[in-house]
1. With respect to residue 72, determine if the residue is in contact with a Leu (Cβ under 6 Å, 6 or more places away or on another chain) and either farther than 30 Å from residue 128 by Cβ or not small (Gly, Ala, Ser) (or both).
2. Which of the helices (runs of 4 or more DSSP H) found entirely inside segment 199-318 contain at least 2 residues meeting this: surrounded by 20 or more Cβ atoms within 10 Å (Cβ to Cβ)?
3. Of all residues in segment 271-293, how many are under 15 Å from residue 472 (Cβ atoms) and aromatic (Phe, Trp, Tyr)?
4. Looking at this structure, is residue 87 touching a residue at least 60 places away in the same chain (Cβ under 8 Å), surrounded by fewer than 24 Cβ atoms within 10 Å (Cβ to Cβ) and of a type in the set (Gly, Ala, Ser)?
5. May I ask you to list the residues in segment 353-398 that are closer than 26 Å to residue 312 by Cα, among the hydroxyl-bearing types (Ser, Thr, Tyr) and not in a strand (DSSP E or B)?
6. Just to check your reading of the model, which residue among 143, 166 is within 26 Å of residue 255 (Cβ to Cβ), assigned by TED's automatic domain parsing to the domain that holds residue 13 and surrounded by fewer than 20 Cβ atoms within 10 Å (Cβ to Cβ)?
7. Inside segment 161-175, can you point out the residues that are in contact with a helix residue (DSSP H, G or I) (Cβ under 7 Å, 6 or more places away or on another chain) and not small (Gly, Ala, Ser)?
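The values are calculated or read from the model by the stated rules, or taken from the named source; none is laboratory data. What you are looking at is a predicted structure, and each value in this text was computed from that prediction instead of being measured. Cβ atoms come from the backbone with ideal geometry, glycine included; neighbour counts cover every protein chain shown.
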Amino acid sequence: MQDRRRAIQVLILNTLAFTICFAGWMMNGVLITYLVDNDIFLWDKAQMGWLIGIPVLTGSLMRLPVGVLTDKYGGRRVYTILMLISAIPMFMTGAANEYYQFVFASLGFGLTGAAFAVGIAYTSVWFPKERQGTALGIFGVGNAGAALTSMGAPVLLKWLTDNGANVDGWRTLPKIYAAALVVMAIIFYFLTYEKKIAHSAGLTLKQRLEPLKYVRVWRFGLYYFLVFGAFVALAQWLVPYYVNVYTMSVASAGLMASIFSLPSGVIRALGGWMSDKFGARRIMYWVLGCCLFGCALLCVPRMDIESPGSGVTAARAGTVTFVSDTLVRIDQREYKIRPEPAAWRKNQDNTFLVFPSGEFWHSPVVSVGDKIVKKQLLARGITHLFFQANIWIFTFLVFVVGIMMGIGKAAVYRHIPDYYPDQIGVVGGIVGVVGDLGGFVCPILFGYMLKWTGIWTTLWIFLAVLSFICLIWMHYVVQKMMHKNAPVLMRHIEDRHDHPIESTPA
């Protein structure tokens, strides 16, 4: 009974600590956008992508060594030290004035991202195998720290800078995050209990790193690259996305971005329960399929395109005697032309549009008195296509993708206790490293794709392709496993209808 009470207490504090760490880890998404949007620093989109991604790089690279340390020394000590160390560069961010200073400070406080490797291993040792999916899902609710930053940091910045009257007040924001890390570290250390995997103490470093040679571990890592790495990237990148595409303020953009990040973090607990009940692999089929479908729909950009259309040409030679928006007369022959709809442009953004809309009209290219030859162009055709990419439809699709990513994060990690029960910290660290690299690579990649193409939706094309690769790879592995472990059943499934299954005599 005492162990059960301690397990619940550890899980609660573990989740709370992870929430604080994750909120700090995501700080640059709001802070850097605010600094650029208010012309405090003149950085381009690629530089912004680097600063948003750098903390994620540290978190990803440190997950494996932190996971190894957790297996060896226990989560209580490692978690406490990690938060205390991370608070130092977090505090120093408030004193940065040059780009390289932001880079180094971001590399330092990015260590908060490695908290996940500690929490996964530390949570797992307190719960039996049949409840680990649910426990890890509850712990993963700490991802909601991204939403806390998306919603809270813009409000804090507005208050700290006195609505922009004192822009230097932004420097207090990192200090508040640093103080939260220190306070959480103290609470965590004094209210949790140490527990390690009993038979892991004598393992050598080589034995601990043995899972690195298994392709399965890297496959799990690729799944996590999508459902966690892309989640981390989007939690930060959606703020400048809303600011630029939908001309929102940073505070409003943060609120809209939280519609993606908050439910995605909270629903992870449901993902753990679903993985325990229905199986992690089945859940991953739904996750990857929905991510592919949602990102494919989001690929179509908000656009306003004018293209040449079918024009009006002269049937015979003559002299132009009259020209208006609706008519061109050559001698006594009249040519009707289509005028531009007067209210169409005004209603584009004031009407709720789901599908692309378009209009077609003519623009005269001749004047009264012009001599015209046969087949000469009298009015050029103009085709105008408009896709509103309505903000509420866009946000709903982003919300669905976020929900699927939240469920998928729990499903990926539910595989680990089944395949590697004695190396949860190490394998969780490896998978976390690959996943975190997604959080580092994606913002930088998004920034460069935007810089090269000028199209914001290129990020959804990338995520749709990645979802497709993960889905195909997983299905291939499942088919291969079925052929190996149940060849007779697979042969019957793949038989044509004109080859019925023979019944076995009783």
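1. Values: in contact with a Leu (Cβ under 6 Å, 6 or more places away or on another chain): no; either farther than 30 Å from residue 128 by Cβ or not small (Gly, Ala, Ser) (or both): yes.
Here the answer is no, as residue 72 does not meet what is asked.
2. On the way: elements: 205-208, 215-224, 230-245, 250-266, 268-278, 280-298.
Result: 215-224, 230-245, 250-266, 268-278, 280-298.
3. We begin by selecting, within segment 271-293, every residue under 15 Å from residue 472 (Cβ atoms); these are 281, 284-285, 287-289, 291-293.
Now drop any that are not aromatic (Phe, Trp, Tyr), which leaves 285, 293.
So the answer is 2.
4. Details: touching a residue at least 60 places away in the same chain (Cβ under 8 Å): yes; surrounded by fewer than 24 Cβ atoms within 10 Å (Cβ to Cβ): no; of a type in the set (Gly, Ala, Ser): yes.
Criteria not met by residue 87.
5. Result: 367, single match.
6. Values: 143 fails: surrounded by fewer than 20 Cβ atoms within 10 Å (Cβ to Cβ).
Within the list 143, 166, the selection yields 166.
7. Step one: filter segment 161-175 for residues in contact with a helix residue (DSSP H, G or I) (Cβ under 7 Å, 6 or more places away or on another chain), giving 161-162, 169-170, 172-175.
Once the filter is applied, which keeps residues that are in contact with a helix residue (DSSP H, G or I) (Cβ under 7 Å, 6 or more places away or on another chain) and not small (Gly, Ala, Ser), segment 161-175 yields 161, 162, 170, 172, 173, 174, 175.
Every residue, every condition in (1) under 30 Å from residue 192 (Cα atoms); (2) assigned by TED's automatic domain parsing to the domain that holds residue 441; (3) within 25 Å of the chain's Cα centre (by Cα); (4) among the β-branched types (Val, Ile, Thr), yes or no:
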residue: 16; (1), (2), (3), (4): yes, yes, yes, no
residue: 23; (1), (2), (3), (4): yes, yes, yes, no
residue: 47; (1), (2), (3), (4): no, yes, yes, no
residue: 60; (1), (2), (3), (4): yes, yes, yes, no
residue: 69; (1), (2), (3), (4): yes, yes, no, no
residue: 72; (1), (2), (3), (4): yes, yes, no, no
residue: 75; (1), (2), (3), (4): yes, yes, no, no
residue: 88; (1), (2), (3), (4): yes, yes, no, yes
